[in-house]
Every structure is written in C-alpha cells, then in structure tokens.
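Everything below concerns the one structure shown next.
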Amino acid sequence: MLDELNDLYQQVILDHSRSPRNFRPLASANRTAQGQNPLCGDNVTLYLEMAGDVIKDISFQGSGCAISKASASILTEALKGRTRAEAKALFARIHELVTTGETAGADLGKLAVFAGVHKFPARVKCAILPWHAAMAAVEGKDQPVSTE
Ligand code: ZN
C-alpha cells in the first residue's frame, strides 16, 4: 500500500515507523490511554503529562503497522505544547484528512502525509487509532479505546 502513496509521504511514514519519535514510557505522565485496532493488530499506549490545560510532554509505546506507528510518532511531535482545545481541533482536522483526503485551514505540516490514507479504508483506522487514544488521555478517560 505504501507504494501507492507519493514518494515524499512514503519516506516520512517509513522514517517515523522505523525510528519513532518519543517512543518510550513517560515517567512524568499523569494521563495514559490505550488503543487497539483489532483488524490490523495495532496496539498503542499514549503517555501524557498535562500541566493544567496544556500537554507539557507526550510519548507512546506499542506495536503495529508502519501507518499506526508513524501516526503515533508524528502525533507526539504535533501535540506537544498544545492546549486541550488545540489538540481537539487538530484531531478534527486529522480525522477529516484521513477520511476525505483534504481539510481546509492552515498547513498541517508533516501530518499532511496521511492525506493519501483515505484511499485505503482499512488503513484509516491505523492512522486514526493513536489520535483516538490521545483524545481519551486528554479527556482523562481511562477506558481502552478500540476502533471496533
Ligand atoms: Zn495498522
């Protein structure tokens, strides 16, 4: 499937899946959330350190396909330092991007690499899984999240 994404997007996804950023437990975490995508076998645990309304630090662990891992890795970079409201707004745009291939508004930076995923409906869940887990953590929900 990666062959069908354009080269630049493919490179970014492969880079993040092979060398995921912030891939570790977070000792200072005061929120964690787990997510799983049974269809693909993706598992992800998000660790957040919330300082009031701000995501002060964020990391993840887990196993899964290249798309889910790259999505979690890029998510940690994108959400660090964001407020709860900013994180929710970004989630809404990512959800739109991976389900329709486009989203209006400011440049999403690296997150734009997931635009091509909408052409592969089974992979949409892989890309969005870490986001569902991150939103559960931001909201303080401790129930595991599943895409099914
Ligand atoms: Zn997957």
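The values are calculated or read from the model by the stated rules, or taken from the named source; none is laboratory data. Owing to the predicted nature of the structure, the values given are computational and were not obtained by experimental measurement. Every residue, glycine among them, receives a Cβ derived from its backbone with ideal geometry; neighbour counts consider all protein chains shown. With ligands, DNA and RNA removed, areas are computed over all heavy atoms of the protein, side chains included. Shrake-Rupley method; radii C 1.70, N 1.55, O 1.52, S 1.80 Å.
Can you give me the long-range amide H partners of R82? Hydrogens built in the peptide plane at 1.01 Å from N, cutoff under 5 Å, separation of 5 or more residues or another chain.
I55
Across region 73-78, in residue order, what do the Karplus-derived ³J(HN,Hα) couplings come to in whole Hz, using 6.51 cos²θ - 1.76 cosθ + 1.60 with θ = phi - 60° and x for Gly and Pro?
4, 5, 4, 5, 5, 6
If you look for lysine pairs in the chain that are eight or more places apart or on different chains, how many of them have Cα atoms under 21 Å apart?
Final tally of qualifying lysine pairs is 18.
Between 0 and 90 degrees, rounded to the nearest ten: what's the tilt of helix 7-18 against the longest Cα principal axis of the chain?
Value to nearest ten degrees: 40.
Describe numerically, in nm with one decimal, the distance between label points set 7 Å from Cα along Cα→Cβ at Q143 and at A27.
Using points 7 Å along Cα→Cβ, the separation is 3.4 nm.
Quick one: 3J(HN,Hα) in Hz for region 45-53, Karplus 6.51/-1.76/1.60 with θ = phi - 60°, rounded, Gly and Pro as x.
10, 9, 10, 10, 9, 8, 10, x, 9
Just the Cα atoms of region 2-140, one point each, no solvent: what log10 I(q)/I(0) does Debye give at q = 0.10, 0.15, 0.20 Å⁻¹?
For the requested q values the scattering log ratios are -0.28, -0.65, -1.18.
Label 7 Å along Cα→Cβ of T99; region 112-127 residues with amide nitrogen under 17 Å?
114-127
So how do E102, E139 rank on accessible area, 1.4 Å probe, biggest first, that is with the largest at the start?
E102, E139
Using modelled amide H (1.01 Å from N, peptide plane; none on Pro or chain starts), what sits under 5 Å from the amide H of E49, excluding residues fewer than 5 places away?
Close amide H contacts, sequence-distant or interchain: N30, K56, D57, I58.
Ordered by residue, what ³J(HN,Hα) values in Hz, to whole numbers, does region 110-120 give under the Karplus form 6.51 cos²θ - 1.76 cosθ + 1.60, where θ = phi - 60° and Gly and Pro are x?
Values, residue by residue: 4, 4, 5, 4, 8, 4, x, 5, 4, 6, 10 Hz.
Can you give the accessible area per residue of the chain, in Å², using a 1.4 Å probe?
48 Å²
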